[in-house]
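Inspection log for the structure reproduced underneath, given as structure tokens.
The values are calculated or read from the model by the stated rules, or taken from the named source; none is laboratory data. Small disclaimer: the values here were computed from a predicted structure and weren't measured. Cβ placement follows ideal geometry from the backbone for every residue including glycine, while neighbour counts extend to all protein chains displayed. Calculation scope for accessible area: heavy atoms of the full protein, side chains included, ligands and nucleic acids excluded. Shrake-Rupley method; radii C 1.70, N 1.55, O 1.52, S 1.80 Å.
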Amino acid sequence: MIENLYDVKDKVAVVTGSSRGIGKQCALAFAEAGAKLVLNYVSNQEAAEITAEEIAGLGSEAIIVQADVKDFDACQALGEEAINKYGQIDFLVNNAGINRDITFSRMSQEEWQEVINTNLGALFNMSKAVVPHMRDAGSGVVVNISSIIGETGNIGQSNYAATKSGMYGFTRSLARELAKDNIRVNAISPGFVETDMLHTVPPDLLAGIKDEIPLGRFGYADEIALAVLYLCSPAGSWITGCLLYTSPRPRDATLSR
């Protein structure tokens, strides 16, 4: 019975930004649990193809769709391609995002707008592309990947923090609107996770950040993926409007997820 609670066999998951990092691990977790995947990338086609090969190795299947999530029409095309291939979309994971870290006094309007358009715009664009199909089917789950920075803020990240905080309000509001359609909407706010971004931080700074984490280590992308799978699976069937925090944030840190 416990195993069945996490069974998403023959379901279809759309994961944005799924060529690497957290998005890739989400795609692999879905595949291992039996779901079919719609992989999305904006520039790294090779990485997306490698992810698709790994999914095939797990006994599942995937299609790859190139789309810039800040482009409304591109997101509409992504949704249509998913429906044309599989006939359904059961899960949407809004993972794709960027950061342009710089103090507010030096931040350009372009650096502000690019992060807003990508991180927040993607929620609107992808939800508009996918939710109508979920409504037609009478069920669905949306999971938005936010960040603990959205609650705490951080020096040099006023643009990024604004988008991640905005995800909270979007998630709660959409969850209320779509509950009547049997569509659940939740968000996950990771702390510091072992991704390519983390590896660019100097070792001495990394050590200081780690010292402030209660569990004494950084998170792993597959741990975030398992949380996403839980929220999408039957095990999370009565959870909506939830903001799941995966780790407290260290104080005085300077890196987003």
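Quick notes on this one:
- In this structure, Gly150 qualifies as modelled with pLDDT under 95 and either in contact with a strand residue (DSSP E or B) (Cβ under 9 Å, 6 or more places away or on another chain) or at negative phi (or both).
- Figure legend. Inter-residue proximity from segment 101-124: first residues free of Cβ contacts under 8 Å to residues at least 12 places away in the same chain, second residues of a type in the set (A, V, I, L, M, F, W, C), beta-carbon distance below 6 Å, spacing 6+ or different chains. No pairs are indicated.
- Condition met for Val65 (of a type in the set (A, V, I, L, M, F, W, C), modelled with pLDDT of 95 or more and assigned to a loop (DSSP other than H, G, I, E, B)): no
- Condition met for Gly57 (closer than 24 Å to Tyr230 by Cα, open to solvent by 20 Å² or more (accessible area, probe 1.4 Å), free of Cβ contacts under 8 Å to residues at least 24 places away in the same chain and not aromatic (Phe, Trp, Tyr)): yes
- Selection status of Ala207, of a type in the set (Gly, Ala, Ser), without any contact (Cβ under 8 Å) to a residue 40 or more places away in the chain and over 19 Å from Ala122 (Cα atoms): yes
- Ala62 being farther than 24 Å from Ser139 by Cβ and either surrounded by 16 or more Cβ atoms within 10 Å (Cβ to Cβ) or touching a helix residue (DSSP H, G or I) at 6+ places or on another chain (Cβ under 9 Å) (or both): no
- Residues in segment 67-95 that are over 27 Å from Ser237 (Cβ atoms), surrounded by fewer than 17 Cβ atoms within 10 Å (Cβ to Cβ) and of a type outside the set (D, E, K, R): Phe72, Gln76, Ala77, Asn84.
- Looking across segment 1-52, the residues that are hydroxyl-bearing (Ser, Thr, Tyr), without any contact (Cβ under 8 Å) to a residue 40 or more places away in the chain and open to solvent by less than 70 Å² (accessible area, probe 1.4 Å) come down to Ser19, Tyr41, Thr51.
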